[in-house]
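The structure appears below as structure tokens.
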Amino acid sequence: MSQLSVDHLLGIKGLKREDIELIFTTADNFKEVINRPIKKVPSLRDLTIANLFFENSTRTRLSFELAEKRLSADVVNFSASSSSVSKGETLIDTVNNILSMKVDMVVMRHPNPGAGVFLSKHIGARIVNAGDGAHEHPTQALLDTYSIRERLGCVEGKKVVIVGDILHSRVALSNIYALNLLGAEVMVCGPSTLIPKFIHTLGVKVETDLRKALEWADVANMLRVQHERQDLKYFPSIREYSQMYGVDMKLLNSLDKEIVIMHPGPINRGVEITSEVADSPQSIILDQVENGVAIRMAVLYLLASKIER
Amino acid sequence: MSQKIILGAKEIGITLERLACQLVENHSNFENTVLIGIQPRGAIFADRIKTILELNYNLKDIKLGYLDITFFRDDFRRRDKPIEASQTQIDFLVEDKKVIFIDDVLYSGRSIRAALTAIQSFGRPSNIELMALIDRRFSRSLPIQPDYKGRKVDSYDGEKVVVKWIEQDGEDGVYFEQKTTK
């Protein structure tokens, strides 16, 4: 297969396993490119990409922008806080205005779940979802699974536990879809107030005891507690959360095997994981960031190849 | 599909030896020269040339890299099917080096045009030469000519020249393939 089965990357749901494998092999090539003395290829030089960020972001936005620039695309950036959205313009109006400036692709982060799907039905450009509310964050799941593949050789058959705020996490949902597609076993772990009631219907195990979860797992993906999405108290205090669900070196060393530690960032050091764990050789957090650029280059490249001239 | 043989295994062997000999004539000890096989089909050709140089001319430490040009092509989004990328593997810089591009078939010259851009990511070579096993004359779209060529072939559009290597296809041979029209 040399082409994606989809025209937009709105979520991992809707992708096929072959799509993910194609993205991975393409990302392998781009990873080599970004480690060259000159890290740029001219593939997308005749395309313009708009990064529309209706929600704050550092890593994802930088990563997309770097990926676009390394593919030689022209890039326009937009953030909601400094735009006419605050004057009451609707999403479609904002985007249509940007599109009439001849933009070919849109990378969008939006606080509302389904914003990407909605947009893809109303405008002609290719859409890449860079996170829509608590729904999906497909490129994060792709780079997470790619990083697991890189560290452990393959994803199939590996046991991955996603720890923390599953309820508010788009990273968790996209990761579950991607890991399931690639044949990994998935467990979620966290306080029961932060685990959706029907999550087991997605084919994942549920565990509330962190130690048991880590004893089972090959990989632990530690999620950030999303205070900004929590409208009420889900656990008594941060201190209690980190005692129950935080990972420190003592806990890791007490396991009879070495597990891989991941984190999508930004890290609350001392809450989900201690600094020592974040900077330990078991952690692949910075590899995830590097792979993020390669994965996003692959996604943009493969979607762009489907744009008709 | 009709197929006609252009070069058999024996002829390919003779041609490769001649091409290697011509390289030695121009580059003597290969101190400042590097070989770059253009992926995917030029890589095996480049391996063969390197082996001959090592065995017949006792040359050691010849630098060989493989260059993939997929992301540098000028026909992105212009083809029906996108090309799948291969691996680039160049673990040295080409700054001030004499570079020899090695590819199996020289047709429109567009691959080589892309390779000329792609190689710049690895430094500024002092000069670049081109070796092609098959030179399809009269089909060039760009002003690019080989410095070392195995065999010249005249062909029409719609005809295809296929190079087979024993490492990949189980035999050495160069064939003419023509789609038969009904």
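The values are calculated or read from the model by the stated rules, or taken from the named source; none is laboratory data. None of the values given here were measured: they were computed from a predicted structure. Here Cβ is always computed from backbone atoms with ideal geometry, including for glycine, and neighbour counts include all displayed protein chains.
Entry remark, segment A:1-41: residues being within 11 Å of chain B (Cβ to nearest Cβ) and assigned to a helix (DSSP H, G or I) number 10 in total. Looking at A:E185, is it over 27 Å from A:N51 (Cα atoms), of a type in the set (D, E, K, R) and touching a residue at least 24 places away in the same chain (Cβ under 8 Å)? So A:E185 fits the description; yes.
Only one of the listed residues (B:I119, B:I102) is modelled with pLDDT of 90 or more and in contact with a Gly (Cβ under 6 Å, 6 or more places away or on another chain). That residue is B:I102. Please tell me if B:G150 is within 14 Å of another protein chain (Cβ to nearest Cβ) and part of a strand (DSSP E or B). No; evaluated as a whole, the condition is false for this residue. Would you check if A:T94 is farther than 24 Å from A:V293 by Cα and either hydroxyl-bearing (S, T, Y) or not assigned by TED's automatic domain parsing to the domain that holds A:E21 (or both)? Yes.
Helices (runs of 4 or more DSSP H) fully within segment A:249-309 that include at least 1 residues being polar (S, T, N, Q) and more than 21 Å from A:F24 (Cβ to Cβ): A:249-253, A:275-278. Whether any residue in segment A:234-256 is away from chain B (no Cβ under 14 Å), acidic (D, E) and under 22 Å from the mean Cα position of the chain (by Cα) is what I want to check. Looking through segment A:234-256, none of the residues is away from chain B (no Cβ under 14 Å), acidic (D, E) and under 22 Å from the mean Cα position of the chain (by Cα). Taking the numbered list (1) surrounded by fewer than 20 Cβ atoms within 10 Å (Cβ to Cβ); (2) polar (S, T, N, Q); (3) part of a helix (DSSP H, G or I) in turn, A:S63 passes all entries but (1). Does B:I112 satisfy being in contact with a strand residue (DSSP E or B) (Cβ under 7 Å, 6 or more places away or on another chain), in contact (Cβ under 8 Å) with a residue 12 or more places away in the chain, part of a helix (DSSP H, G or I) and away from every other protein chain (no Cβ under 11 Å)? Against the criterion (in contact with a strand residue (DSSP E or B) (Cβ under 7 Å, 6 or more places away or on another chain), in contact (Cβ under 8 Å) with a residue 12 or more places away in the chain, part of a helix (DSSP H, G or I) and away from every other protein chain (no Cβ under 11 Å)), B:I112 qualifies. Scanning segment B:155-170 for residues that are over 14 Å from the mean Cα position of the chain (by Cα) and closer than 30 Å to B:H27 by Cβ yields B:I166, B:E167, B:Q168, B:D169.
Of all residues in segment A:93-141, those that are in a strand (DSSP E or B) and on the phi < 0 side of the Ramachandran plot total 13. Does A:N175 count as outside the structural domain of A:K31 (by TED's automatic domain parsing) and surrounded by 24 or more Cβ atoms within 10 Å (Cβ to Cβ)? Spelling it out, A:N175 is indeed outside the structural domain of A:K31 (by TED's automatic domain parsing) and surrounded by 24 or more Cβ atoms within 10 Å (Cβ to Cβ).
Considering the conditions (1) under 24 Å from the mean Cα position of the chain (by Cα); (2) at pLDDT 90 or above, A:V95 is excluded by exactly one of them, (2).
Every residue, every condition in (1) more than 14 Å from chain A (Cβ to nearest Cβ); (2) under 16 Å from the mean Cα position of the chain (by Cα), yes or no:
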site	(1), (2)
B:L23	yes, yes
B:N29	yes, no
B:A46	yes, yes
B:L59	yes, no
B:F72	no, no
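Okay, residues lined up against (1) closer than 26 Å to B:D75 by Cβ; (2) touching a helix residue (DSSP H, G or I) at 6+ places or on another chain (Cβ under 9 Å):
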| residue | (1), (2) |
| --- | --- |
| A:D28 | yes, yes |
| A:K39 | yes, yes |
| A:R45 | yes, no |
| A:I49 | yes, yes |
| A:F54 | no, yes |
| A:T58 | no, no |
| A:E65 | no, no |
| A:T90 | no, no |
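Scanning segment B:88-109 for residues that are within 14 Å of chain A (Cβ to nearest Cβ) and β-branched (V, I, T) yields B:T88, B:I90, B:V94. Of the residues contained in segment B:126-138, none is found to be more than 15 Å from B:F45 (Cα to Cα), within 14 Å of chain A (Cβ to nearest Cβ) and in a loop (DSSP other than H, G, I, E, B).
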